[in-house]
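The values are calculated or read from the model by the stated rules, or taken from the named source; none is laboratory data. Predicted model only: the values in this text are computed from it and were never measured. Backbone-built Cβ (ideal geometry, glycine too); neighbour counts: all protein chains shown.
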Amino acid sequence: MDLKEKLEASFLAFENKVSTDIDSAVHDIRSAAFTYFEQNGFPTRRDEEWKYTSLKPLLKHDYNVFPEAETALEYAAVKKYFLHEIESYKIVFIDGVYSSFLSETTHDGYDVCLLSAALKRPKYKMVIDHYFNTIASKTDSVTSLNTAFSKEGAYIHIPKNTVLPKPVQILHFSTGNEANLLLQPRNLIVVGENSHVQIIERHQSLSKNVVLTNSVTEIFTNKRAIVDYYKIQNDNRAASLIDNTYIKQQQNSIASVNTFSVGGNITRNNLEFHQEGEHCTSNLNGITIIGEKQHVDNHTLVHHKFPNCESNELYKGMYADRSTGVFNGKVIVDKEAQKINAFQQNNNILMDDGATINSKPQLEIFADDVKCSHGCTIGQLDEDALFYMRSRGIPKKEAKGLLLYAFANDALEKIKIPELKARITKLIASKLGVDLGFDL
Amino acid sequence: MLEIKNLHASIEDKDILKGINLSVKPGEVHAIMGPNGSGKSTLSSVIAGREDYEVTKGEIVLNGEDLEDLAPDERAHKGIFMSFQYPVEIPGVTVTNFIKTAINETRKANGLEELPAKDMLKKIRATAELLEIDRKFLSRSLNEGFSGGEKKRNEIFQMAMLEPKLAILDETDSGLDIDALKVVANGVNKLKSEDNAVVLITHYQRLLEYIVPDYVHVLHDGKIVKSGGAELALELEEKGYDWVK
Amino acid sequence: MSKYTEDDLKKELETKEYEYGFYTEIEADKFPVGLNEDIVRAISEKKNEPEWMTEWRLDAFKIWQEMKEPDWANVTYQKPDFQNISYYSAPKKKPELESLDQVDPELLKTFEKLGISIEEQKRLSGVAVDIVMDSVSVATTFKETLAEKGIIFCPISEAIQEHPELVKKYIGSVVPKTDNFYAALNSAVFSDGSFCYIPKGVKCPMELSTYFRINEGGTGQFERTLVIADESSYVSYLEGCTAPQRDENQLHAAVVELIALDDAEIKYSTVQNWFPGDKEGKGGVFNFVTKRGLCETNAKISWTQVETGSAITWKYPSCILKGNNSIGEFYSIAVTNNFQQADTGTKMIHLGKNTKSTIISKGISAGKSQNSYRGLVQISPRAKHARNFSQCDSLLMGNECGAHTFPYIEAKNKSAQIEHEATTSKIGEDQLFYCNQRGIDTDKAIALIVNGFSKEVLNKLPMEFAVEAQKLLEISLEGSVG
């Protein structure tokens, strides 16, 4: 039985299990999504959007698709995965199940809690009806698969004029209790007018067992809202991630997503920004540093539908050994969307001969009064700079690391939480084998 | 040559010119001075026929012909030249190619044959020499990467090539160092004749030391509030614009 | 040899027409619509082709039958019914008109704007031209000059008869029958086209042009061109014509193969101005072309194209940089207006060491048209120190059109250096006013600005072509900014 068949067989059981705690609207959403997945299956490389990333090696495992067992973890054992230097709200899942012990949620003035709770209780019904599955793609089969099995994840709802005093951390641990585990978390984040939230998300496997996470996050930024989202992808080699993030922006809102991909087996980030009002700003930043046979695919879409908006996209990639980097950046500017500034930059460094980069920066412009540009470079470290540093006594490895670090630096500059910036700087320095006694 | 009668103009429903009267005869140099926002640049744009501005009242007559219904290029064909305060860049089009096109289009509109390439080249060279313009400059893309001074000099070069009847120099002196200013003024003086007229639009008196006007007009809030001879400019410099308000 | 003038050209053509007047003989020939093995055989038989060519065609036909018409390009159109096309019609003589007065005045106006001589106008519009003087000498000189150098330049049908070893060796070697749907179709049914061979060490002394092509008439639909530049040779080849070309055949599927052996250089320039359809988007030619060149060691292939015609353009002149130090270049201007759709670009496949490629693409969209750049830069693991520079600029005129870029960049070698840039811009109101103030009307101003925008590519065209191409851009965009 292949994975698709298994999922088909499990869906009925899943439905039976959850049918008591859902209302019919969500039930219909799941059924429709499942039908879509059933008809279309997993994407293959024949699909233009998956031309450079094959899911085949991930689909051969016999996954437990519907884990239920509750496992406890000691805080001390996983503390290092938290940004523990600062106060934060925490929504923590262990093998897909909510861990109240490790979490710190709130309902005080705003909701930072669980999707399962929000789907169940009548007081959230209006929000769910209004937002749930309204921006996530209905014509993408991996997203549909997640929607079909959507049940648990983070639920963050911030009313208007509220600035959260501390960031929210969303952590997903997998313990290795299952030999092969499929996780499908579903997050819903709604930010009201003039409100501001910072979110840090991380997926972490604690064993060498195979984990595949197919995550979907829907983010809604209302007028003048600000969302800063940080994705830390430093999982171990047996863990793969398909991370689907959909953002719908109202006028004057600013949404930023920063993705740091330095771990994992196969990572595919689908990131979509849909601008639904004037004067929106969308920021996309990414740093990828991988080696061995790792694979990271950043697949982004910015859809400008209204005038006077901007988007800034900056992805830096460094690829060693036999790793593969993919960048697909699509920018669409609709006919009505005049006076758009859309900038996209994708810079890559190949460090070894076995490494591969596939880049497809793509513009689709239907309005004439716009400034759009994209640039893509693939190159190496500046040999002259390397030689210069070595002539000043810096060993080759360190010199290389420093240059790479400098290369990534402008994407690092976008991190607005100082403690997080320090953390990621360290992380990147360690990946590059640089000992940084100073800030660059 | 140029008669402006009770000219009112607005942009986006905002009135800028509120009844301008001005008469310019061949051989004359007029200076229009005024503080920022008094409507100086609007006046030159309206004469040149910029479509963003709407003439709500009054008329502009050039050699007996009302300009109202004429497009900017048709006005140019009639001999109006306006030097731009901020000349526009056109990538990939050389100075030479641009001026060649401009001259031949104007000649065609006036029922003349295109200027033979040989004569065109001769004229370009002679003018470049007159204005102390480097030959290399002529094969650069129009205004692309030009310094402020180069842009202004290029405007004067085009003026010299097109030999307009009425030249309006809009803040030609702004952003120029004293040497560049001298070159520009020198060019204007050399081109001045009994048959053409010059309207200088400027904020400062500086340019008028080099190009001496026959008349000076002070523009304030869309109206000419004072007119006089060259000495008016000096007086203004001394007393400031508040004096004429 | 002194440069050819247009009059020489005209004479050349007249002579050829005269020389090969036997076409009248087969004029009535037209095959029934539809395509099957018998038709393919019949085409081959008509051309009196050797057995191996017939087999080659049949093989291509089998392959084609298994293939599906591609639909990945960013164009929408009613797919042709391939069984409703006649695949062989002998070149028809154009109806002879007595004077230019009988020619569509619109067409004449365009000719005039392009600066095409009266005699040439007559030729293009099918007016009988009196041959007043003995022009055989010109043609002879032309042929003699080439023959002296050992250059072969003839219709491919002739080459199949007379130089079978060359054709056999190289046809399908760069664009295999299996390459794509249209290439397979072309391989099965190609009507005719040009064949060119430049021997070792020879620099072809003149621009070879399809103007000189002998049987101009019926070759348009499924044209096949094969250019072979032997070691250390050089050739510059011009294809197409700035004059608007009307053709009753809606579907065009040409194949062009270039082979540049060690140290050879081929420069291939195209101006394409097939009928783009009317202002409402009715009619117009579908142009599905496969063009590809192969570079051996130190060889260079340079594609330059100015594309203003066709309702649908699907065209990616490409270079396979197989040999070390080989160079590929692609310079393109694609203009779309009204309801035209163009999906064009290039593929640069770097296989050899120190290979270099340059891509400069200028897309200009006006009216309700869609203009797409689609390109692939691929650096294979063996292609050490490969370099590519790409620049794709789009100019949009008005708010009903679209400009798209689909660059694919694939690098598998750490020493690769790739730079890709793309920009989108429009013609500014302030630019137009500035030109207007200097006495240049809006249409002329647009032409000037567009020429400036396209300059890097126009500069790559042979001189005589460049002037016409410039005028062509102007005409293609007339009245597109109100």
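Restricting to the stretch A:327-378, give me the number of residues that are surrounded by 20 or more Cβ atoms within 10 Å (Cβ to Cβ), more than 8 Å from chain C (Cβ to nearest Cβ) and more than 18 Å from C:Tyr408 (Cα to Cα).
Residues that pass the stated criteria total 4.
Taking A:Ala77 as meeting all but one of (1) out of contact with any Pro (no Cβ under 6 Å at 6 or more places or on another chain); (2) surrounded by 15 or more Cβ atoms within 10 Å (Cβ to Cβ); (3) closer than 16 Å to A:Ser205 by Cα; (4) not charged (D, E, K, R), write down the number of the exception.
(2)
Considering only the stretch B:104-156, how many residues are out of contact with any helix residue (DSSP H, G or I) (no Cβ under 8 Å at 6 or more places or on another chain), buried (at least 19 other Cβ atoms within 10 Å of the Cβ) and under 18 Å from C:Ala445 (Cα atoms)?
1
Can you list the strands (runs of 3 or more DSSP E) lying wholly within the stretch B:48-164 that have 3 or more residues being within 13 Å of another protein chain (Cβ to nearest Cβ) and either farther than 24 Å from B:Ala197 by Cα or hydroxyl-bearing (Ser, Thr, Tyr) (or both)?
Correct list: B:90-94.
Among the numbered criteria (1) closer than 22 Å to B:Gly49 by Cα; (2) surrounded by fewer than 19 Cβ atoms within 10 Å (Cβ to Cβ); (3) not acidic (Asp, Glu), which one does B:Thr172 miss?
Going through the list (1) closer than 22 Å to B:Gly49 by Cα; (2) surrounded by fewer than 19 Cβ atoms within 10 Å (Cβ to Cβ); (3) not acidic (Asp, Glu), B:Thr172 breaks only (2).
Conditions first: (1) out of contact with any Leu (no Cβ under 8 Å at 6 or more places or on another chain); (2) free of Cβ contacts under 8 Å to residues at least 60 places away in the same chain; (3) within 21 Å of C:Val335 (Cα to Cα); (4) within 13 Å of chain B (Cβ to nearest Cβ). C:Glu478 passes all but one, so which condition is the exception?
(4)
Of everything in the stretch A:91-103, what is within 20 Å of the chain's Cα centre (by Cα) and surrounded by 20 or more Cβ atoms within 10 Å (Cβ to Cβ)? Give them in sequence order.
Once the filter is applied, which keeps residues that are within 20 Å of the chain's Cα centre (by Cα) and surrounded by 20 or more Cβ atoms within 10 Å (Cβ to Cβ), the stretch A:91-103 yields A:Ile91, A:Val92, A:Phe93, A:Ile94, A:Asp95, A:Gly96, A:Tyr98.
Taking the criterion of being outside any helix (DSSP H, G or I), within 14 Å of chain B (Cβ to nearest Cβ), among the basic types (Lys, Arg) and touching a residue at least 24 places away in the same chain (Cβ under 8 Å), would at least one residue in the stretch C:415-426 satisfy it?
yes
From the set of residues in the stretch C:427-446 that are over 18 Å from B:Ile103 (Cβ atoms) and surrounded by 21 or more Cβ atoms within 10 Å (Cβ to Cβ), which is farthest from the other protein chains (Cβ to nearest Cβ)?
C:Ile446
Looking at the stretch A:219-267, which of its residues are over 30 Å from A:Ser430 (Cα atoms), in a loop (DSSP other than H, G, I, E, B) and among the aliphatic types (A, V, I, L, M)?
A:Ala225, the sole residue that qualifies.
One line per residue, one yes/no per condition, for (1) surrounded by fewer than 19 Cβ atoms within 10 Å (Cβ to Cβ); (2) away from chain C (no Cβ under 14 Å); (3) farther than 24 Å from A:Glu152 by Cα:
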{"residue": "A:Glu5", "(1), (2), (3)": "yes, yes, no"}
{"residue": "A:Ser24", "(1), (2), (3)": "yes, yes, no"}
{"residue": "A:Asp47", "(1), (2), (3)": "yes, no, yes"}
{"residue": "A:Leu58", "(1), (2), (3)": "no, yes, no"}
{"residue": "A:Glu68", "(1), (2), (3)": "yes, yes, no"}
{"residue": "A:Ala72", "(1), (2), (3)": "yes, yes, no"}
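Could you please let me know if A:Tyr75 is farther than 30 Å from C:Pro70 by Cα, aromatic (Phe, Trp, Tyr) and under 24 Å from the mean Cα position of the chain (by Cα)?
Answer is no for this residue.
Just need a number here: residues in the stretch A:1-45 that are without any contact (Cβ under 8 Å) to a residue 12 or more places away in the chain and within 24 Å of the chain's Cα centre (by Cα).
Count: 1.
Tell me which of these A:Glu313 doesn't satisfy, since it passes every other one: (1) away from chain C (no Cβ under 11 Å); (2) modelled with pLDDT under 95.
Going through (1) away from chain C (no Cβ under 11 Å); (2) modelled with pLDDT under 95 one by one, A:Glu313 breaks only (2).
Inside the stretch A:381-397, can you point out the residues that are surrounded by 14 or more Cβ atoms within 10 Å (Cβ to Cβ) and closer than 30 Å to A:Val331 by Cβ?
If the condition is that a residue be surrounded by 14 or more Cβ atoms within 10 Å (Cβ to Cβ) and closer than 30 Å to A:Val331 by Cβ, then A:Leu381 is the only one that fits.
For the stretch B:35-47, name all the residues that are in a loop (DSSP other than H, G, I, E, B), at negative phi and surrounded by 16 or more Cβ atoms within 10 Å (Cβ to Cβ).
B:Pro35, B:Ser38
Are there any strands (runs of 3 or more DSSP E) wholly within the stretch C:327-412 with 3 or more residues that are more than 14 Å from every other protein chain (Cβ to nearest Cβ), and if so which?
Fully inside the stretch C:327-412 and qualifying: C:327-336, C:341-350.
Would you mind stating whether C:Leu473 is in contact (Cβ under 8 Å) with a residue 60 or more places away in the chain and assigned to a helix (DSSP H, G or I)?
yes
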